[in-house]
Amino acid sequence: MNLKHIGGNFDDLLQEKGVLGEVDALANKRLLVLRLNTLMENQGMDRQQLAKKAGVSESSLACLLDKNRLNLCLLTLGKVTTALGTMFSIGLEPQQSSNRQ
């Protein structure tokens, strides 16, 4: 039994396994979908109405709102967030490691 990661940083384990980027992207996509669905619900808007208001196809919106599809079109995201009365921003932050002080 390998006890190397007992008490260690989970991100370090994911990085070692080579899946940190994918796991992080999936978590962020799921959070984005949750926020968009909440905005839609608060505004009483269904997918068809939002697609029409945003000027995007229903299939493009369905792809954007699929929590398991990592690819997304920033143009579609921009149109959808504008239609919901919000805006999105993209940020980059340095990776944190348990090895840093």
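Out of curiosity, is Ala25 surrounded by fewer than 15 Cβ atoms within 10 Å (Cβ to Cβ), hydrophobic (A, V, I, L, M, F, W, C), in contact (Cβ under 8 Å) with a residue 24 or more places away in the chain and closer than 29 Å to Leu92 by Cβ?
yes
Pairs please, first residue from the stretch 50-71 and touching a residue at least 40 places away in the same chain (Cβ under 8 Å), second anywhere and small (Gly, Ala, Ser) and not in a loop (DSSP other than H, G, I, E, B), Cβ atoms under 6 Å, 6+ apart in sequence or on different chains.
Pairs found: Leu70/Ala25.
Go through the stretch 75-96 and count every residue that is loosely packed, with under 14 Cβ neighbours inside 10 Å, of a type in the set (A, V, I, L, M) and part of a loop (DSSP other than H, G, I, E, B).
Qualifying residue count for the region: 3.
What's the number of the only condition in (1) more than 21 Å from Ser89 (Cβ to Cβ); (2) among the basic types (Lys, Arg); (3) in a loop (DSSP other than H, G, I, E, B) that Lys67 fails to meet?
Here Lys67 clears every test but (1).
Just to be sure before I move on: is Val19 more than 30 Å from Gln96 (Cβ to Cβ) and of a type in the set (Val, Ile, Thr) in the structure I sent?
In short, no.
Name the single residue, out of those in the stretch 41-56 being among the small types (Gly, Ala, Ser) and surrounded by 10 or more Cβ atoms within 10 Å (Cβ to Cβ), that is nearest to Gly78 (Cα to Cα).
Going through the qualifying residues, I end up with Ala54.
Based on what the data block shows, is Glu16 at pLDDT below 95 and in a helix (DSSP H, G or I)?
For Glu16, the condition - at pLDDT below 95 and in a helix (DSSP H, G or I) - is met.
The values are calculated or read from the model by the stated rules, or taken from the named source; none is laboratory data. Remember, it's a predicted structure, so these values are computed and weren't measured experimentally. As a convention, Cβ positions derive from the backbone with ideal geometry for all residues, glycine included, and neighbour counts pool all protein chains shown.
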